[in-house]
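Right, one structure below, let's go through it.
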């Protein structure tokens, strides 16, 4: 099944260029040139990924991503912007973005990152099995997560983070390993975004006993049952 991609940029020529390149790469693409247009396109037919400019004339990309998340729409987002500060990158990922490409960029890089985000979110390839650890279960086909039979609602980033833990049970994962695998970013030791998402995940997954997400001080995190 062809992945559907929405390209949102207030420069029509650039948006069309990206959309055309993605069409040649085998994707089904649509274009919007402002925030309200993007909201309308998502309501019309939810895309598998949005390539989203941050600085739009009406509703900025961060706010659009926040609205989709608040409305229950778990849409992978690749930010494409001239704002290249670490603060902006962290903000973009914190509001629910999946990757961040700064202008100027190459079309080859954008296509490669699109493919990476789609694979991580399960829209390209991916498994059809289940990952389990104790009473925690993740279904790779439906993206449903349950603990003790109770369904847990996770964001896309929370799901990827938990998937990485479940793929490496009892293995201590360093902060840099997790950042690289889940976000494809190296913040030079700034694990603030990771700490935030670990906290989110613990509130949902470790709301019952036993707690299974543990901090290894000075190293990283591990998924394991506590030793009594």
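Readers should treat all values here as calculations from the given coordinates under stated rules, not as data from a laboratory. Note that the coordinates shown come from a computational prediction; the quantities given were computed from them, not determined experimentally. For neighbour counting, all protein chains shown are included, and Cβ atoms are generated from backbone atoms with ideal geometry for every residue, glycine included.
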Check your understanding: Is it possible to state the helix-based mean residue ellipticity at 222 nm for the chain, with each DSSP H run of 4+ residues giving -39500 (n - 2.57), the sum divided by total residues, to the nearest 500 deg cm²/dmol? What is it?
Key -> -11500 deg cm²/dmol
Exercise for review: Could you quote the convex hull projected area for the chain, Cα atoms only and averaged over all directions, in nm²?
Suggested key: 12.6
Revision key, fill the gap. Length gained, residue 203-residue 142, 0.36 nm per residue minus C-alpha separation, equals 19.8 nm
Revision key, fill the gap. Here, the stretch 49-149 modelled as identical Cα point scatterers in vacuum has Debye log10 I(q)/I(0) at q = 0.10, 0.18 Å⁻¹ of -0.35, -0.91
Practice item. Give me the angle, in degrees from 0 to 90, between the Cα long axis of helix 35-44 and the longest principal axis of the Cα atoms of the chain, rounded to the nearest 10. Key: 70
Point to revise | Packing-based exposure ordering (other Cβ within 10 Å, fewest first) of 208, 114, 31 | key: 208, 31, 114
**Study point:** Acute angle (nearest 10 degrees) that the helix 107-120 long axis makes with the longest principal axis of the chain, alpha-carbon atoms
**Key:** 40
Check your understanding: Tell me, 163, 143 in order of fewest to most beta-carbon neighbours within 10 Å?
Key -> 143, 163
Check your understanding: Per 5 Å bin, what is the whole-percent P(r) computed from every C-alpha pair distance within the stretch 130-223?
Key -> 2, 13, 27, 27, 18, 8, 3, 0
Exercise for review: Calculate the spin-label point distance for residue 94 paired with residue 58, positioning each point 7 Å from the Cα along the beta-carbon direction, and give it in nanometres.
Suggested key: 2.8
